[in-house]
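The next block holds one structure in the form of structure tokens; read it before the comments.
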Amino acid sequence: MPNTIRYLMLGGFLGAGKTTTIARLAQHYTSRGLKIGIVTNDQASDLFDTNTLRAQGFDVGEVAGCRRRTGPTSSSPSRSVAALISWRR
């Protein structure tokens with residue numbers, strides 16, 4: 001399957017390690033000759049996760065304005081989502 005596209009969506013609580021996991025997977029995939037794209041999601045644009053991944057040399061797109069609360073109150077922990085897309089050259 002030389003043209004297989006892989007899509008991984010990773011969600012979790014703030015500080016759970018999503019950005020670290022995405023960066024490590026991206027490094028692994030690129031070392032195997034795969035092209036990758038990363039999409040981050042947060043409450044606004046130009047935030048920490050996007051800048052952290054870009055500083056490591058990854059092509060990162062950003063979708064701002066979508067974060068999910070996990071409980072019934074505004075003080076409930078929030079979760080965010082990041083996606084990693086990979087494909088063969």
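The numbers here are math on the coordinates, done by the rules we state, and not lab data. Since the structure is predicted, the reported quantities are computational estimates derived from the model, not experimental observations. Here the Cβ is made from the backbone with ideal geometry for all residues, glycine too, and neighbour counts use every protein chain on show.
Points to keep in mind about this one:
- Taking label points 7 Å from Cα along the Cα-to-Cβ direction, R32 and F13 give a separation of 3.1 nm.
- Extension gain, L47 back to V63 (0.36 nm per residue minus Cα-Cα distance, nm): 4.7 nm
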